[in-house]
1. Just to be sure I understand, how many residues within region B:81-98 are out of contact with any helix residue (DSSP H, G or I) (no Cβ under 9 Å at 6 or more places or on another chain) and surrounded by 15 or more Cβ atoms within 10 Å (Cβ to Cβ)?
2. Given the conditions (1) assigned to a strand (DSSP E or B); (2) over 17 Å from residue B:2 (Cβ atoms); (3) in contact (Cβ under 8 Å) with a residue 24 or more places away in the chain, and given that residue B:72 satisfies all but one, which numbered condition is not satisfied?
3. From the list B:55, B:64, pick out the single residue that is loosely packed, with under 13 Cβ neighbours inside 10 Å and more than 13 Å from chain A (Cβ to nearest Cβ).
4. Looking at the structure I just gave you, is residue B:109 within 13 Å of the chain's Cα centre (by Cα) and away from chain A (no Cβ under 14 Å)?
5. I'm told residue A:27 meets every condition in (1) outside any strand (DSSP E or B); (2) within 19 Å of residue B:107 (Cβ to Cβ) except one. Can you identify the failing condition by its number?
6. Residues that are modelled with pLDDT of 95 or more, more than 14 Å from chain A (Cβ to nearest Cβ) and assigned to a loop (DSSP other than H, G, I, E, B): does region B:23-39 have at least one?
7. In this structure, is residue A:16 part of a loop (DSSP other than H, G, I, E, B), touching a residue at least 12 places away in the same chain (Cβ under 8 Å) and more than 14 Å from every other protein chain (Cβ to nearest Cβ)?
8. For residue B:29, work out the one condition from (1) surrounded by 21 or more Cβ atoms within 10 Å (Cβ to Cβ); (2) within 22 Å of residue B:3 (Cβ to Cβ) it doesn't fulfil.
């Protein structure tokens, strides 16, 4: 079955700098790769997603890249702001639209 | 956008009692709903997948007789934690999707269950 690994577990960056979180997956049949942001005690919220027919997708300060050959995808946040501080989860789909989750990355934005 | 309403947001119950958590899709038909459990500082752990009108599919290690899931309509799924124990204390989150396959998951706000 699908296995998703996410790194790093904690990431601390200076406000205004960029942050990159990386995930790898094992099932080459996976087609959908969302990223979720979860603030403490709240539900995960979809921030960006990408499908296997696309290599890169950007939405303002957030971008996701996908390398299907290497089976990895990354979240890029530019010009980080304090409100970007949260836990970020990557995921990859298997059959029946079930998502297999990464372990999460705690992003800390230092003022 | 699509909204999933989950209630209650917090519940405290005594050991041995049962607790029901509701998950409703407000503006779309949720053919599939997922129930997750999340321990502090950990990732979401899928407990079960429910499709409207059929029995839920439970993940390995999840007791189906303890975590009863009902998905009787396209807009409502319930999770009942039966004979709750302190170790069942956790954050439970539901999510839902429609049948198009192109819809992302929409999450409820979660339920913080504390069993005393």
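1. Going residue by residue through region B:81-98, those that are out of contact with any helix residue (DSSP H, G or I) (no Cβ under 9 Å at 6 or more places or on another chain) are B:82-96, B:98.
Okay, now just the ones that are also surrounded by 15 or more Cβ atoms within 10 Å (Cβ to Cβ), so B:82, B:84, B:88-96, B:98.
Here the count works out to 12.
2. (3)
3. None of the other options fit; the residue is B:55.
4. On the way: within 13 Å of the chain's Cα centre (by Cα): yes; away from chain A (no Cβ under 14 Å): no.
When the stated conditions are applied, residue B:109 does not pass them.
5. (2)
6. Scanning region B:23-39, I find no residue that is modelled with pLDDT of 95 or more, more than 14 Å from chain A (Cβ to nearest Cβ) and assigned to a loop (DSSP other than H, G, I, E, B), so the answer is no.
7. Answer is yes for this residue.
8. Single failed check for residue B:29: (1).
The values are calculated or read from the model by the stated rules, or taken from the named source; none is laboratory data. Source: prediction; values computed, not measured. As a convention, Cβ positions derive from the backbone with ideal geometry for all residues, glycine included, and neighbour counts pool all protein chains shown.
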